Every structure is written in structure tokens, then in C-alpha cells.
Amino acid sequence: MYDMIIIGSGPAGLAAAIYGQRAKLSLLVIEKLPMSGGQVANTYEVDNYPGLPGIGGYELGEKFRGHAGALGAAVVCEEVRSVCLSGDEKQVITDKETYTARTVVAATGAWHRRLGVPGEEELRGMGVSYCATCDGAFFRGKDVAVIGGGDTALEDALFLARNCRKVYLVHRRDALRGARTLQEKVLASEKIEVLWDTVVERIEGEGQVEALLLQNKKTQEAGRLLVSGVFAAIGMQPDSELFKGQVEMDENGYIRAGEDCATSVEGVFAAGDVRTKPLRQIVTAAADGANAVTSAERYLSGRGIG
């Protein structure tokens with residue numbers, strides 16, 4: 001019986017492990033991949049984590065893992081198949097074992113929806129990005145493209161227009177879907193050009209993004225757009241399937257939890273990108289890990305544990 005089981009070893013999960021170890025909780029981190037860091041591990045360079053500008057994503061993930069390990073946090077590489085979160089004793093069933101704990105922290109993260117076009121995976125981290133606030137600074141003075149037409153795409157285009165020479169907003173429809181105020185700002189910007197009814201067919205480049213092959217859906221006209229970066233902003237998908245039907249979620253599948261990370265089920269906490277929150281960044285995920293442990297400690301103390 002553990003005091004806490006943490007599912008996921010991204011920044012939220014490992015921060016929870018660090019704070020949990022310091023709180024002297026008996027805990028276990030379960031991660032399905034052989035490396036830690038979550039999305040961070042696939043990020044070529046991180047330039048906005050305080051105190052570590054320019055660090056590689058994989059290296060940052062390893063630092064998180066090393067810190068937790070140095071404090072004695074146990075990590076197992078197993079895939080969680082199901083969970084039972086009702087009652088005082090929670091069960092986490094993996095492909096190898098069944099574990100029991102008094103509290104569970106869901107830190108399974110979320111993933112950016114992919115464009116699904118040739119060149120995307122090969123150039124990810126080399127001009128292909130899914131986070132303008134994370135990577136925008138690398139494209140100062142350059143031409144870039146944002147793919148999408150919702151709030152995130154419009155916000156990304158406006159953000160990038162501050163420092164990029166030119167921002168192309170590539171949208172598959174003839175009308176934007178984002179908030180009206182954002183639409184007005186985008187359409188008024190001299191640095192943003194909207195390419196209507198257009199889809200990406202291919203991303204080109206040798207070791208770095210160089211161009212996009214585009215097609216207009218209405219005219220079937222093909223074109224080649226020279227850009228140094230492409231930001232896909234077509235939505236995110238929370239990795240929350242394990243918890244469906246057991247904790248409250250919003251309409252998009254994010255686990256409902258506030259800054260204390262407490263979910264609708266006592267003793268269950270959601271930290272990082274999997275929970276409802278306005279900003280999903282490494283630093284906010286790490287903060288969630290700390291908050292989740294603080295709330296878990298309060299929960300356990302109320303039951304005379306710890």
C-alpha cells in the first residue's frame with residue numbers, strides 16, 4: 001500500500017515525486033515509456049524554463065528524473081491498463097502488476113494533434129513546432145506559418161507577429177473559428193496574411209523547415225510557401241482515457257481540477273496538461289505537481305495518515 005501513485009513522469013509527475021519524497025510519502029511513479037519528460041523529451045530546445053535557457057528537452061527531462069531519483073523516488077516502466085479510484089484504497093492495474101495506494105495523481109499529459117503530412121515527424125523540433133510561446137523566439141525576423149483557425153491559432157499568429165518578419169495563417173476554411181476580437185486583431189495586422197481554403201500537403205526541408213507545399217481546396221491550385229517554421233495549432237488531446245467514467249471531465253476530455261489539483265473524487269488529483277487550465281507549459285505543469293502533493297498531504301492528514 002503506497003501513500004501515493006503518480007501516473008506519468010513528465011514535469012508534473014516528476015515534480016509531484018520530488019515534493020512527495022520531501023514530504024516523506026511512500027510513493028511510486030509509473031511511466032509507460034523508458035524515458036521521462038513527456039512532451040518535453042521530444043522538444044529540441046527549451047528556452048523559457050527559468051534558470052535553464054536553451055536546455056535540450058531530453059536533457060531537461062533527465063534532470064527532472066535525476067532529481068526525483070536522488071531523493072529516492074521509485075519509478076517503474078509499465079503501462080497502466082485500468083484504474084479503480086473509488087473508496088479509500090485506489091487500484092492501479094498495469095500490464096505487469098496491480099498496485100494499491102491511498103491517493104493517485106493523474107499526470108498523463110496531453111498531446112498536440114498532428115497535421116499528418118509528409119515531413120512533419122522528420123522535421124519536428126527542426127522548424128515544426130506545436131507551441132508558439134515555447135519556440136517563437138527562435139524565429140525572430142523570419143517568415144513562419146501557423147496552421148489552424150481557432151483561438152489558439154489566432155493567438156499564436158498574433159504572438160509570432162511581434163517578432164517574426166511575416167506570419168502566414170493557413171486555414172482550411174473560408175472563415176476563422178476563433179473569438180471575434182482575435183479575428184479582428186489578426187485581420188488588422190500588417191504582418192499576418194491569411195491563406196483561406198488552404199491545406200498543407202507536405203513540409204519540406206533538409207535538417208530544417210524550408211517550405212510548405214499547399215493546396216487550395218476550392219481551386220485545387222497548388223503552391224509552395226517559403227518559411228523557416230511551421231506552428232501546428234489544430235488542437236490538443238488529453239491523455240485521459242484511463243479516467244473516463246471515474247472523474248469529472250470537461251467536454252474536451254480534460255479532467256476537471258482547479259489550482260489545488262483536486263478532482264471530483266476524494267484522494268485523486270490531476271496535475272499538468274491533463275487537467276483543465278488556461279496555460280499548458282512546463283513551468284505550470286511542475287507547479288501542478290507541487291500543488292497536487294500539498295493537497296494530497298492535506299487529504300491524508302485528514303484521515304490520520306502521515
Computed [θ] at 222 nm, deg cm²/dmol, the chain (DSSP H ≥ 4; -39,500 (n - 2.57); rounded to nearest 500): -7000 deg cm²/dmol
Kirkwood hydrodynamic radius of the range 163-306, Cα pairs, Å: 18.8
Proximal charge balance of Asn163 [Cβ under 14 Å; K/R count +1, D/E count -1]: +2
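Given that compact globular proteins tend to follow 2.2 N^0.38 Å, what is the ratio of the alpha-carbon Rg of the chain to that value?
1.09
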Theoretical FRET efficiency, 1/(1+(r/R0)^6), r = Cβ-Cβ of Glu193 and Leu52, R0 41 Å, to 0.05: 0.70
Rounded FRET efficiency, nearest 0.05, which uses the C-beta distance separating Ala23 from Glu259 and R0 of 25 Å: 0.85
Scaled radius of gyration (Cα, divided by 2.2 N^0.38 Å) that the range 12-129 gives: 1.22
Karplus (6.51, -1.76, 1.60) ³J(HN,Hα), θ = phi - 60°, over the range 162-174, in Hz, Gly and Pro reported as x: 5, 10, 7, 6, 8, 10, 9, 9, 9, 10, 6, 10, 9
Extreme residue, positive dipole direction of the chain, given options Thr284, Leu213, Ala16 (C-beta unit charges): Thr284
Unit charges at the beta carbon, dipole of the chain: most positive-side option, Gly109, Leu176, Gly229: Leu176
Given Lys63/Lys185; Lys142/Lys185; Lys244/Lys277; Lys24/Lys96, the pairs whose alpha carbons are separated by over 30 Å: Lys63/Lys185
Extension gain from Leu71 to Thr133, taking 0.36 nm per residue of separation minus the Cα-Cα distance: 19.1 nm
Euclidean distance between Cα centres, the range 93-161 to the range 213-290, Å: 8
At 1.567 mPa s and 4 °C, Stokes diffusion of the range 128-232 via Kirkwood alpha-carbon radius, µm² per second: 96
The range 264-306: trypsin sites (Lys or Arg not before Pro) in DSSP coil with no more than 12 other Cβ atoms inside 10 Å: Arg303
DSSP bridge orientation in the chain - percent antiparallel, rounded to nearest 5: 45
Net charge of neighbours whose Cβ lies under 9 Å from the Cβ of Ile55, counting Lys and Arg as +1 and Asp and Glu as -1: -2
Pairs of alpha carbons in the range 1-51 whose separation is greater than 12 Å (percent): 66
Total charge dipole magnitude, the chain, about the Cα centre, Cβ charges on Lys, Arg, Asp, Glu only, Debye to nearest 20: 400
Nitroxide proxy distance, nm - points 7 Å out along Cα→Cβ at Arg177 and Leu226: 3.3
Förster radius 45 Å - calculated FRET efficiency between Arg113 and Ser301, Cβ distance, rounded to 0.05: 0.65
Unmatched cysteines, the chain - criterion: no other Cβ of a Cys under 4.7 angstrom: Cys77, Cys84, Cys164, Cys261
For Leu195, residues with placed amide H under 5 Å, excluding near neighbours: Leu169, Val170, His171
Under 5 Å, built H, 5+ apart or other chain: amide partners of Val265: Glu248
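Bear in mind that the values in this text are calculations on the coordinates, not laboratory data. This is a predicted model, so every value here is computed, not measured. Here the Cβ is made from the backbone with ideal geometry for all residues, glycine too, and neighbour counts use every protein chain on show.
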